[in-house]
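Written out below as structure tokens is the structure these notes cover.
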Amino acid sequence: MAAPRRHSTGLDDLDRQIVVALQADGRASWTRIARTCGTSVPTIAHRGQQLLREGLVRERGPRARHNPA
């Protein structure tokens, strides 16, 4: 399996898809995001929680924001 492509932000393509999905709808379920991204719910939940923990996504909810810091 090929290694995920990392961008200058430190996010790979899947991370970026999760961020975009959360920016569009911060209340979207992991299931809905997984369906959109074409991957499993546990993968999306793990990655999403990791983005929150690392501060790359500041919050979930109607105003989810990417923290580019």
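What follows draws every value from the coordinates through simple rules; no lab data is involved. Just so it is clear, the model here is predicted, and its values are computed rather than measured. Don't worry about glycine lacking a Cβ; one is built from the backbone with ideal geometry, like all the others, and counts go over all protein chains shown.
The table for this structure:
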{"read-out": "Spin-label zone in segment 20-34 - amide nitrogen under 15 Å from a point set 7 Å from the Cα of A45 along the C-beta vector", "value": "29-34"}
{"read-out": "E54 versus R32: modelled label distance in nm, points set 7 Å from Cα along the beta carbon direction", "value": "2.5 nm"}
{"read-out": "Amide H partners (placed H, <5 Å) of V57, local residues excluded", "value": "L52, N67"}
